Structure formats: C-alpha cells, structure tokens
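Notes to accompany the following structure.
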Amino acid sequence: MINRLMGNYRWFERILGNLDRSRAGFRVVELGAGDGLLARRLCQRFPGLRYEAVDLMPPPVDLPQGCVWHQADLFEALPELQGDVVVANLFLHHFDDEALQRIGVSLRRFPVIAFCEPWRQDQFHWAGLALRLLGINRVTRHDLHVSIDAGFTGEELPNLLGLEGGRFEKTLLGAYRWSRGPQGLLVPRSR
C-alpha cells in the first residue's frame, strides 16, 4: 500500500519504459528485493525482462520467469552482479554512511541507477497518523517514522555512495528519488 500511495512502482516502470530493453543481455539488478513485489511487478509489466534480485530472504514461491534470485548478503553478492540497471526501493536508508560508501564502489559500473528512498523531512511524520485510518498496522506505522528519520535529502545519497551526476526529485508524499543514466540506453525515437 505504501508503494502504491507513493507511486514508487510507477516511477520504476517509467525509468525502464524509457530504456531500450531489446539489446541482447539487457538486465536489471534489484538490491534488497524483500518479498519480491517490485520484481514481480516489473517482470509482469515488461515480459521477457532479465531480472536479478538480491536479498537475505529466500525467493518468493511465485517468482516470475526470467527472474534470478540471489539469497545472499549484499556485500558478498554485489561485486559479482552485472547489469544495465540497478534499482533499490526503500532499502538504502537501512545502511550507515560507511556501508553506503562500500555499496557505492560496486554501483559505478551500472549505466543506469534508480533508487527510491524516504525523504527525510519532519512534515512526513503526519503520514503515520493518516495511515492509521487506512488500517496500517502498528509495526508499519512505527517503521514509517524510523524510515523517515533515516531517509535522505538533497545530494546526500549520491554523495554517500560516491556517485557523480544524476538527479534527485522529491514527491509530495515523501519519496526521495535519485537516478543516473541512461548513457546510450534510451529507446530511439521514431521520426
């Protein structure tokens, strides 16, 4: 529900929709795939997409065809993963500055990067109260406040990752989105 309200999945769909996915070997890598919801959504939206997901959790039973699941520690798996796009959704705010720097070293080789995280601003704490009315459980409401406090503003995320270029945007519902690319992977426009 949180991702639907924030529009996170639609944002990732727009990023991938603007890329030339027909190139041989085109692959998306997701960091911290959790329950596999983003993997399922993107693989359904883009049939035939080669997708690799990394998480400590075991793979979901309904993992889409074409999706490879790495049940592994991110710091061990990431240096070996290759792809055209790396994505993370509400994941990187769980790491301290030193861990983000370590992650950033492995991200430099990805032509396209797209991360959606909480926007750290006090005004979004009201959302916890609003979510109570929508039936969100006590644990999720608590985690929302912790996540907002651990989120990012301005150029913090790319600076911590040691990545240059890119752009960030923030949404009215508290999403902090940072992306870089596509460096030649755009869908050619027909004339």
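When region 152-167 is examined, which residues are found to be surrounded by fewer than 15 Cβ atoms within 10 Å (Cβ to Cβ) and part of a loop (DSSP other than H, G, I, E, B)?
Of everything in region 152-167, those that are surrounded by fewer than 15 Cβ atoms within 10 Å (Cβ to Cβ) and part of a loop (DSSP other than H, G, I, E, B) turn out to be T153, G154, E155, G162, E164, G165.
Between a residue in region 149-177 that is on the phi > 0 side of the Ramachandran plot and any residue that is at pLDDT 90 or above and basic (K, R), which pairs come within a Cβ distance under 6 Å, given they are 6 or more apart or on different chains?
G165/R180; G166/R180
Looking only at region 59-75, which residues are surrounded by fewer than 13 Cβ atoms within 10 Å (Cβ to Cβ), assigned to a loop (DSSP other than H, G, I, E, B) and modelled with pLDDT of 95 or more?
D73
Give the residue that is farthest from the chain's Cα centre (by Cα), with candidates limited to residues of region 94-119 that are free of Cβ contacts under 8 Å to residues at least 40 places away in the same chain and part of a helix (DSSP H, G or I).
Among those that are free of Cβ contacts under 8 Å to residues at least 40 places away in the same chain and part of a helix (DSSP H, G or I), it is E98.
If D35 meets every condition in (1) of a type outside the set (S, T, N, Q); (2) closer than 14 Å to F110 by Cβ; (3) in a loop (DSSP other than H, G, I, E, B) apart from one, which number is that one?
Single failed check for D35: (2).
Here's the yes/no breakdown for (1) modelled with pLDDT of 85 or more; (2) under 16 Å from the mean Cα position of the chain (by Cα):
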site	(1), (2)
Q121	no, no
L133	no, no
I136	no, no
H142	no, no
G154	yes, no
L173	no, no
S179	yes, yes
G184	no, no
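Could you identify the single residue in L38, L90, L31, L19 that is among the hydrophobic types (A, V, I, L, M, F, W, C), surrounded by 19 or more Cβ atoms within 10 Å (Cβ to Cβ), within 23 Å of W119 (Cα to Cα) and touching a Pro at 6+ places or on another chain (Cβ under 8 Å)?
L90
When L56 is evaluated against the numbered criteria (1) under 16 Å from F91 (Cβ atoms); (2) buried (at least 16 other Cβ atoms within 10 Å of the Cβ); (3) over 13 Å from the mean Cα position of the chain (by Cα), which criterion, by number, is the only one it fails?
(2)
If you go through region 25-48 one residue at a time, how many are farther than 15 Å from V68 by Cβ and touching a strand residue (DSSP E or B) at 6+ places or on another chain (Cβ under 7 Å)?
Initial filter on region 25-48 (farther than 15 Å from V68 by Cβ): 32, 34-35, 37, 41, 44-47.
Now drop any that are not touching a strand residue (DSSP E or B) at 6+ places or on another chain (Cβ under 7 Å), which leaves 32, 34.
Here the count works out to 2.
Which of the residues that make up region 82-93 are in a strand (DSSP E or B) and among the acidic types (D, E)?
Hits for region 82-93: nothing passes.
Q44 passes all but one of (1) in a loop (DSSP other than H, G, I, E, B); (2) free of Cβ contacts under 8 Å to residues at least 24 places away in the same chain; which number fails?
(1)
The values are calculated or read from the model by the stated rules, or taken from the named source; none is laboratory data. If you're wondering where the values come from, they're calculated on a predicted model, not measured in any experiment. Glycine gets a Cβ as well: all are built from the backbone with ideal geometry, and neighbour counts include every protein chain shown.
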